[in-house]
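The values are calculated or read from the model by the stated rules, or taken from the named source; none is laboratory data. What you are looking at is a predicted structure, and each value in this text was computed from that prediction instead of being measured. Every residue, glycine among them, receives a Cβ derived from its backbone with ideal geometry; neighbour counts consider all protein chains shown. Each accessible area value is taken on the protein alone, full model and side chains, heavy atoms only, with ligands, DNA and RNA left out. Shrake-Rupley method; radii C 1.70, N 1.55, O 1.52, S 1.80 Å.
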Amino acid sequence: MKLSLYTGRHTKDTPGVRLGWWLTRLVQKGEYSNVTHVEAILEEHDDGSVTIGSSSIRDGGVRMKRCTLTPEHWVIVDVPKWKASKARKWFEEHDGEPYDWRGAFASCMPFQFSERREWFCNEAVGAAVGLNSPEIFGPAQFASICASLSM
C-alpha cells in the first residue's frame, strides 16, 4: 500500500489552521519534520487520480475521496506489508467520525491524549493498517516509520 505525506504550505487553509501546521512543523524533528499530513492511497486510477483515506481538518474528520495529488506537495512511500483493502474497510467503517484536535496536539507533546472515535490524520491511517498505538505518533514520526518499512 502506498501512503502520501504532505509537505506543502497549506495555502488554501484559514490563517488559524495554517498557524496549527506551522506549530506542528516547529515541534517536529528529523528527516520528515516538514510532513504535516498523511493519506493512505487506497486505489490508483487510470486517469492518474487516486482514492485516498485519512482524517482531515479541512474535511471535518474521517473520509475517503478521489483526487489528483500534486507531486511537488506530496512524498509517496510504498509499504508493501500494509494492505489497501484492509485500510479501505477501516475507512468505510469509520467514515464521518470527527477530527481529533486534542489528540493531534498531544502527539507532538510529551503527554498523550486521544479521544476514541475521533481521529487525526496519521492516527486514522495507522489504525487502518493495524499499527499499535498510532495516537502516540506525530506526522514526522509516522512518516519515518513508513519510510523505514518501505525498504
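Worth pointing out:
- Counted residues, segment 31-45 - those being over 16 Å from ALA147 (Cβ atoms) and among the hydrophobic types (A, V, I, L, M, F, W, C): 1
- Of all residues in segment 56-80, those satisfying the criterion of being loosely packed, with under 12 Cβ neighbours inside 10 Å, under 22 Å from ILE145 (Cα atoms) and at pLDDT below 95 are PRO71, GLU72.
- Sole exception among (1) open to solvent by 70 Å² or more (accessible area, probe 1.4 Å); (2) modelled with pLDDT of 95 or more for GLY53, by number: (1)
- Residue in segment 26-38 that is at pLDDT below 70 and of a type in the set (Val, Ile, Thr) present: yes
- So GLU92, is it out of contact with any helix residue (DSSP H, G or I) (no Cβ under 6 Å at 6 or more places or on another chain), assigned to a loop (DSSP other than H, G, I, E, B) and either hydrophobic (A, V, I, L, M, F, W, C) or touching a residue at least 12 places away in the same chain (Cβ under 8 Å) (or both): no
- Selection from segment 48-79 of residues that are farther than 27 Å from ARG102 by Cβ, outside any strand (DSSP E or B) and touching a residue at least 12 places away in the same chain (Cβ under 8 Å): GLY48, SER49, THR68, LEU69, THR70, GLU72, VAL79
- Identity of the residue in segment 5-20, surrounded by fewer than 21 Cβ atoms within 10 Å (Cβ to Cβ) and touching a Phe, Trp or Tyr at 6+ places or on another chain (Cβ under 9 Å), that ends up modelled with the lowest pLDDT: HIS10
- Among residues of segment 126-148, those that are assigned to a helix (DSSP H, G or I), out of contact with any Asp or Glu (no Cβ under 7 Å at 6 or more places or on another chain) and touching a residue at least 60 places away in the same chain (Cβ under 8 Å), counted: 9
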